[in-house]
Amino acid sequence: MAKALLIASLSCLAACTGATVEEVSRNFGPADPRPGACYARGITPAVLETVTSQVQEVPAVRHPDGTILSPARFRTVTSTRIVQDRGENWFETPCPLRDRDPVFVQQIQRALQVRGLYGGEINGFYDVPTRAAVQAFQTPLGLESGTLSNESAKALGLVALGRGA
C-alpha cells in the first residue's frame, strides 16, 4: 500500500509542468579560503538595548490652592533596539581538530588543564567540557566559540608559530 502510494506520488510529480526548481547554494566556508586550511564558523550574538520609561497619560488635577485632587497617571513603555547586529565570521582552525584526531584533542585537554580551565578526563573526545574550556580560553581573546582557532592553538603551544595547522 505504501509502495503504491509512493509510486503514485512520484508519477504525479513527474507529470507536473511549469514548475521550476532552483538550485540551492550555501556558503560552507569563507569567501576566500586559504588552500589546505580548515575553517570553523563563529557567531557573534546581537547586542540589544532595552529602555523602560514612564510616560504620563493623564496629568495631575490640582485645586487652585495647589493641593492635588487626583495624581497623574503613568504607563510603562518598554522598547528594544539592536545596538549591534548578529555577526557570522569564519576563522581558521587546526585540521587535526576537524578530523577529530584523539591525540590532538588530548593535547588540547592537557593544555587547558594546566591553565586550570579543564577539569575533565583526558579522553581525546572533543566533548562538552572540552568545548566549554576552549570557549573560556578564547573569550578573553575576542572569540566566543567552543571550536579552537589557530590563534588559540598557537597561544596554547599546540601549533608551531608561523606554520599552518
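The values are calculated or read from the model by the stated rules, or taken from the named source; none is laboratory data. As the structure is a prediction and not an experimental result, all values here were calculated from the model. As a convention, Cβ positions derive from the backbone with ideal geometry for all residues, glycine included, and neighbour counts pool all protein chains shown.
Structure data summary
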{"read-out": "Residue match in the stretch 147-160 (condition: part of a helix (DSSP H, G or I), surrounded by 14 or more Cβ atoms within 10 Å (Cβ to Cβ) and of a type in the set (Ser, Thr, Tyr))", "value": "yes"}
{"read-out": "Selected residue [modelled with pLDDT of 85 or more and either closer than 30 Å to Ala155 by Cα or in the same structural domain as Gln135 (by TED's automatic domain parsing) (or both)] from Val58, Val77, Val51, Val47", "value": "Val47"}
{"read-out": "Lone unmet requirement of (1) touching a Lys or Arg at 6+ places or on another chain (Cβ under 7 Å); (2) in contact (Cβ under 8 Å) with a residue 60 or more places away in the chain for Cys95", "value": "(1)"}
{"read-out": "Condition met for Phe137 (touching a residue at least 24 places away in the same chain (Cβ under 8 Å), surrounded by 11 or more Cβ atoms within 10 Å (Cβ to Cβ) and assigned to a strand (DSSP E or B))", "value": "no"}
{"read-out": "Test set (1) at pLDDT below 95; (2) closer than 19 Å to Leu158 by Cα; (3) small (Gly, Ala, Ser) - Ala132 fails condition number", "value": "(1)"}
{"read-out": "Those residues of the stretch 25-73 which are among the small types (Gly, Ala, Ser), closer than 18 Å to Asp85 by Cβ and not in a strand (DSSP E or B), in sequence order", "value": "Ala46"}
